[in-house]
């Protein structure tokens, strides 16, 4: 029986125009798939319907085609698979490791400010955001049901302490054949607890990035996740969710970021670094490859 070909994917969100950083990631995935006689998939991550727009999705297709990339059809759109994410959330709930939370950003900020004013050092996640206080972790079932039915905005969060405890003494790792921010490669020790009680779903959004990405990667048979180093630390959360949901573990490759003149990673708000802008200026796909190194 022949070996299963490796599967790569490029998964942009249609909430703005693609820039040179996206070009690097898309080209790497495409070229690595081609070199390995593998498959290259395009996934549209359009969970956030308030920011994602059809014209940006159309622009993604136009930009990638101009870069001379080809991908398998049909394209997977997250908005068409909400039931898959709801099913995954239900499975985590059945494990007793999720809870509804209703603290607003303002309430979280106030709680953190009060704690720090009292001399406490409040823990922060790898991105620098304060960890959720977790006031609702121990709500009784009837209290949780009342919160959900109240009409108040809420989110479903992962009880990180309980989730990590379910793994027992097994060390959580991932295989990295790219490089982390400090040059890390090989077998990487994952520390999902550093992220605290992450959001899995909100009353106004059916799934978080963390939950939907691991579900999609599993359902699409992704074997190689090639993405920017800005998502390196998030891999710990993804490996935890994969273990909890019994999903396969892909090989990870985190690549360097394309930085702007200010030394920061590019943003979709930087129109001058957009692929469409370079195309309009008469640049060629070959010149884009040179620009991104």
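The values are calculated or read from the model by the stated rules, or taken from the named source; none is laboratory data. Remember, it's a predicted structure, so these values are computed and weren't measured experimentally. As a convention, Cβ positions derive from the backbone with ideal geometry for all residues, glycine included, and neighbour counts pool all protein chains shown.
Miscellaneous remarks
- Boolean, residue 68 is in the same structural domain as residue 155 (by TED's automatic domain parsing) and not in a strand (DSSP E or B): no
- Leading residue by the ranking (farthest from residue 144 (Cα to Cα)) among those in segment 185-234 that are out of contact with any strand residue (DSSP E or B) (no Cβ under 8 Å at 6 or more places or on another chain) and part of a loop (DSSP other than H, G, I, E, B): 233
- Residues in segment 151-169 that are on the phi < 0 side of the Ramachandran plot and without any contact (Cβ under 8 Å) to a residue 12 or more places away in the chain: 165, 169.
- Residue 172 meets all of the listed conditions (1) in the same structural domain as residue 228 (by TED's automatic domain parsing); (2) surrounded by fewer than 13 Cβ atoms within 10 Å (Cβ to Cβ); (3) touching a residue at least 24 places away in the same chain (Cβ under 8 Å); (4) more than 21 Å from residue 47 (Cβ to Cβ) but one, namely (2).
- When residues of segment 133-144 are limited to those that are touching a strand residue (DSSP E or B) at 6+ places or on another chain (Cβ under 7 Å) and in contact (Cβ under 8 Å) with a residue 40 or more places away in the chain, the one nearest to residue 95 (Cα to Cα): 137
- Scan of segment 93-116 for residues that are surrounded by 11 or more Cβ atoms within 10 Å (Cβ to Cβ) and within 18 Å of residue 246 (Cα to Cα), ordered by number: 93, 95, 96, 97, 98
For every residue, the table says whether it meets (1) assigned to a helix (DSSP H, G or I); (2) buried (at least 18 other Cβ atoms within 10 Å of the Cβ); (3) touching a helix residue (DSSP H, G or I) at 6+ places or on another chain (Cβ under 8 Å).
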| position | (1), (2), (3) |
| --- | --- |
| 37 | no, no, no |
| 41 | no, yes, no |
| 51 | no, no, no |
| 58 | yes, no, no |
| 74 | no, no, no |
| 87 | yes, no, no |
| 91 | yes, no, yes |
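- Considered as a group, the residues in segment 117-132 that are touching a strand residue (DSSP E or B) at 6+ places or on another chain (Cβ under 9 Å) and without any contact (Cβ under 8 Å) to a residue 40 or more places away in the chain include one that is surrounded by the most Cβ atoms within 10 Å (Cβ to Cβ), and that residue is 130.
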